[in-house]
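Here's the structure, in structure tokens; my notes come after.
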Amino acid sequence: MTQLKFPKSLAPALKAKHVALFVAHKQAKAAVKTVFSGEAAKALQRALADAKPGRMGTVISTLTPSGALHKASVAILPDEVSRHNAPSRSHAINHCAGKLGLGSGDAAAVLWLEKAEHLAPAANAVARSVPEVSYTTNGNGGEKKKGKKKKKKAETLVLVGLDRRGMVVNPTPEVVTTCEATRWAAGLVDTPTADMDAAAFVTAAKKAVQGVAGVKATVIVGDELLKKGLGGIHAVGRTAVVAPRLLILDYKPSKKAQRTVAFVGKGVVYDTGGLSLKGSGNMPGMKCDMGGAAAVTGAFVALAKQKVAHRVICLVPLAENAIGPNSYRPDDIITMHSKKTVEINNTDAEGRLLLADGVSYAARTYKPEVVIDAATLTGAQLVSTGKKHAAVVSNRAGLEGLAVSAGLASGDLTHPLPFAPEFFQAEFKSEIADMKNSVKDRANAQSSCAGQFVYSHMADTKLPWLHVDLAGPAFPGRRGSGFGVALLGELVRSLSAKHLKA
């Protein structure tokens with residue numbers, strides 16, 4: 001496991017065996033002179049003469065046969081980015097960091113920043129390139145015939161930000177806790193369901209907030225869900241070996257809260273599709289279907305540690321959409337927490353049932369000023385906004401705008417989809433219940449429709465609502481990214497009354 005360190009000077013970074021400099025192309029020569037010396041600097045400057053960053057950056061490296069430094073690298077970033085990309089170039093940083101193998105030994109990332117506020121997304125981009133979870137064997141991890149197995153030494157990744165003058169930009173607590181929480185959330189997603197079922201998720205979340213002031217945890221398990229009216233969560237997970245549950249984390253600041261914010265995250269720890277079974281080619285990777293739960297929980301942990309001025313309530317409905325003798329079926333009718341009835345026409349549209357119960361419970365029980373849900377909800381999100389931008393839907397223009405600006409600032413990019421109940425609610429028409437759970441026309445703004453289904457279970461409360469569909473960004477390449485932690489943290493810290501207006 002690689003530990004992150006944020007020193008207050010450049011010196012500790014230069015003691016690493018592998019030092020990587022991340023810098024915009026036009027500043028590369030000056031930055032190389034500041035960070036490197038001797039043969040390493042000369043070799044890198046020679047290579048810079050022909051290097052071109054392209055659209056996502058490029059990497060040049062040189063070996064240094066003498067001294068403590070074994071390898072020196074420069075990740076050359078594009079000089080400009082488009083208006084829908086983060087000005088910090090965090091995606092180019094992550095792209096380049098992934099090629100450098102910074103988690104394979106003691107290493108340092110030196111981030112040459114155009115603006116001090118770019119440190120948070122830049123550092124997070126490097127941090128998420130070094131996953132926490134691995135099941136591979138190695139020299140210290142395999143069987144030994146004789147003697148005791150040695151404990152592998154923890155590796156270190158040093159992160160240092162420099163401004164355009166080469167001066168160190170000291171990280172704030174927000175930077176450190178966000179990087180740590182992002183990697184933690186990604187680790188939840190990367191862990192196989194055999195080790196990260198609904199109960200194990202609760203255990204991990206409780207451990208993460210242990211000792212954090214102002215946090216209280218509550219769990220509603222199994223048939224107790226029905227007593228609370230949470231029929232959607234119960235139906236999805238009732239046949240799994242591990243019972244479904246609703247985890248509630250409640251953070252109250254020491255002083256009077258400025259606002260009350262409710263998070264709800266989809267926690268389908270594994271999705272077989274239920275009786276509407278996924279094909280064998282579509283099922284691998286479905287451990288990622290709790291990416292929304294990981295995001296909201298990671299954001300909650302970071303915000304609580306940062307002692308944010310708002311009360312934050314994090315609701316995580318957790319269930320495995322398994323198959324068994326008590327599986328919920330197409331044609332079943334479920335009574336949700338909102339009291340609305342839902343005719344099931346697709347058991348593989350299960351996440352919205354969890355979210356619908358979650359947002360209804362949050363809105364009616366806690367009466368927050370805003371409800372924000374996050375989910376790996378639809379494959380249609382990837383078609384709509386791709387693997388870099390989460391799709392957002394909101395009943396408030398201010399919240400929609402805040403989600404976009406928070407994405408640009410944090411590096412967790414978003415792009416809005418239409419909010420139009422008059423167009424999309426009809427997709428769920430049922431002849432026997434209040435609605436069905438899946439659309440009749442999959443070509444009609446499917447990702448917006450899924451969000452509309454969720455919203456319809458709290459619409460009568462008139463509360464501000466933001467939906468984040470992060471199916472693509474949360475699991476872009478068979479690895480969890482921790483997407484959403486930085487986004488939600490930035491969003492909550494920036495939240496004001498103007499964002500809650502229609």
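The values are calculated or read from the model by the stated rules, or taken from the named source; none is laboratory data. Owing to the predicted nature of the structure, the values given are computational and were not obtained by experimental measurement. Backbone-built Cβ (ideal geometry, glycine too); neighbour counts: all protein chains shown.
Filtering region 362-393 to residues that are assigned to a strand (DSSP E or B), under 21 Å from Ala125 (Cα atoms) and not small (Gly, Ala, Ser) leaves nothing. Taking region 264-282 as the range and being assigned to a loop (DSSP other than H, G, I, E, B) and buried (at least 20 other Cβ atoms within 10 Å of the Cβ) as the test, the residues that pass are Lys266, Thr272, Gly274. Residues that are surrounded by fewer than 24 Cβ atoms within 10 Å (Cβ to Cβ) and part of a loop (DSSP other than H, G, I, E, B) do occur in region 453-461.
Matching residues to (1) in contact with a Lys or Arg (Cβ under 6 Å, 6 or more places away or on another chain); (2) hydroxyl-bearing (Ser, Thr, Tyr); (3) at pLDDT 95 or above:
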| position | (1), (2), (3) |
| --- | --- |
| Leu14 | no, no, no |
| Leu21 | no, no, yes |
| Glu39 | no, no, no |
| Ala43 | no, no, no |
| Gly67 | no, no, no |
| Leu77 | yes, no, yes |
| Glu80 | no, no, no |
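When Lys498 is tested against the conditions (1) more than 25 Å from the chain's Cα centre (by Cα); (2) crowded, with 18+ Cβ neighbours inside 10 Å; (3) farther than 28 Å from Asp348 by Cα, the lone failure is (2).
The number of residues in region 418-452 that are in contact with a helix residue (DSSP H, G or I) (Cβ under 7 Å, 6 or more places away or on another chain), small (Gly, Ala, Ser) and assigned to a helix (DSSP H, G or I) comes to 3.
Screening region 19-125 for helices (runs of 4 or more DSSP H) wholly inside it with 1 or more residues that are within 21 Å of Pro473 (Cβ to Cβ), within 24 Å of the chain's Cα centre (by Cα) and outside the structural domain of His389 (by TED's automatic domain parsing) returns the ranges 90-100. Put simply, of Lys42, Lys52 the only residue that is surrounded by fewer than 14 Cβ atoms within 10 Å (Cβ to Cβ) and closer than 17 Å to Asp79 by Cβ is Lys52. Figure legend. Inter-residue proximity from region 268-285: first residues under 17 Å from Pro317 (Cβ atoms), second residues among the aromatic types (Phe, Trp, Tyr) and outside any loop (DSSP other than H, G, I, E, B), beta-carbon distance below 9 Å, spacing 6+ or different chains. Indicated pairs: Val269/Phe201. Scanning region 223-245 for residues that are surrounded by fewer than 24 Cβ atoms within 10 Å (Cβ to Cβ) and of a type in the set (D, E, K, R), we see that the one that is nearest to the chain's Cα centre (by Cα) is Arg238. Of the numbered criteria (1) in contact with a Ser or Thr (Cβ under 7 Å, 6 or more places away or on another chain); (2) not polar (S, T, N, Q); (3) not in a loop (DSSP other than H, G, I, E, B), the one Val261 fails is (1). Looking at Val301, Val359, which is the one that is β-branched (Val, Ile, Thr), in the same structural domain as Leu466 (by TED's automatic domain parsing), assigned to a helix (DSSP H, G or I) and closer than 20 Å to Pro464 by Cα? None of the others qualify; the one that does is Val359.
Might you let me know whether region 420-433 holds any residue that is of a type in the set (A, V, I, L, M) and either surrounded by 24 or more Cβ atoms within 10 Å (Cβ to Cβ) or on the phi > 0 side of the Ramachandran plot (or both)?
Filtering region 420-433 for residues of a type in the set (A, V, I, L, M) gives 420, 426, 432-433.
Checking the rest, the ones that are also either surrounded by 24 or more Cβ atoms within 10 Å (Cβ to Cβ) or on the phi > 0 side of the Ramachandran plot (or both) come to none.
Scanning region 420-433 turns up no residue that is of a type in the set (A, V, I, L, M) and either surrounded by 24 or more Cβ atoms within 10 Å (Cβ to Cβ) or on the phi > 0 side of the Ramachandran plot (or both).
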